[in-house]
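These notes are about the structure you will find just below.
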Amino acid sequence: QMRSFTEEIRARGGTPSSRMVSFRVQQASLEAQEFFGESIGGQVYEMKRLRYSDGEPLALETVQLPCRLCPNLDRFDLVNHSLYRILEENYGLTLTHCVEEISAARPERLHLKLLGAPAPTAVLVIKRKTYTAAEVPVEMGTTVYRGDAYSAMVRSVRVQD
């Protein structure tokens, strides 16, 4: 089931919270241009949030969204409210599915500092691309989780030919 960080932590019985590390408008990178279908010079929001579960730092989340889909996104309280709920309720975007790539990595210095993960703990990196029912790309993000405090759960369904 595709869930926001807030929904996921609540489903696990925890209390989610966030701290904004940075929020800016920037020119879309080549990868963002290709994914969002932006022209050269197109702009995206880039938001980095430190995500907590029960007051403990759990993940560093970096997401990009095209400015044209959600103008004036900065007027919302993105620290205390779910980004997905804001997109659905205020911009009429029905988020239906995503593609995630999950891998393990060595933490960067920033991860160790912000997450407080004990060295030499690995981090779990989840790269997500989120779409609407009409296949409109809405979000491209990378979340780095503390390997000592989080595990990913995947439910796969076998489709018969």
(message) For a Förster distance of 35 Å, can you work out the FRET efficiency between the beta-carbons of R106 and D161, rounded to the nearest 0.05?
(response) 0.30
(message) I'm spelling it out carefully: the read-out is volume of the Cα convex hull per residue in Å³, the candidates are (i) 114; (ii) 106; (iii) 138, and one was derived from this structure. Which label?
(response) (iii)
(message) Quick check: pseudo-label points 7 Å beyond the Cα along Cα→Cβ at T142 and K113, how many nm apart are they?
(response) 1.7
(request) Could you rank the peptides 85-91, 108-114 by their average count of other C-beta atoms within 10 Å per residue, with the highest value first? (result) 85-91, 108-114
(message) Rounded to the nearest percent, how much of the accessible area of the stretch 1-42 (1.4 Å probe, protein heavy atoms only) is carbon and sulfur?
(response) 45
(request) Could you state the accessible area per residue of the stretch 27-70 in Å², with a 1.4 Å probe and every protein chain left in place? (result) 42
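Mean residue ellipticity at 222 nm from the helices of the chain, using -39,500 (n - 2.57) per DSSP H segment of n ≥ 4 over the full residue count, to the nearest 500 deg cm²/dmol?
-5000 deg cm²/dmol
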(request) Please give the residues of the stretch 107-131, grouped as numeric ranges, whose backbone N is less than 19 Å from a label point set 7 Å along the Cα-to-Cβ vector of F76. (result) 128-131
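The values are calculated or read from the model by the stated rules, or taken from the named source; none is laboratory data. Keep in mind it's a predicted model, so treat the numbers as computed, not measured. Every residue, glycine as well, gets a Cβ built from its backbone with ideal geometry; the counts of neighbours run over all protein chains shown. Accessible surface is based on the protein model in full, side chains and every heavy atom, while ligands, DNA and RNA are left aside. Shrake-Rupley method; radii C 1.70, N 1.55, O 1.52, S 1.80 Å.
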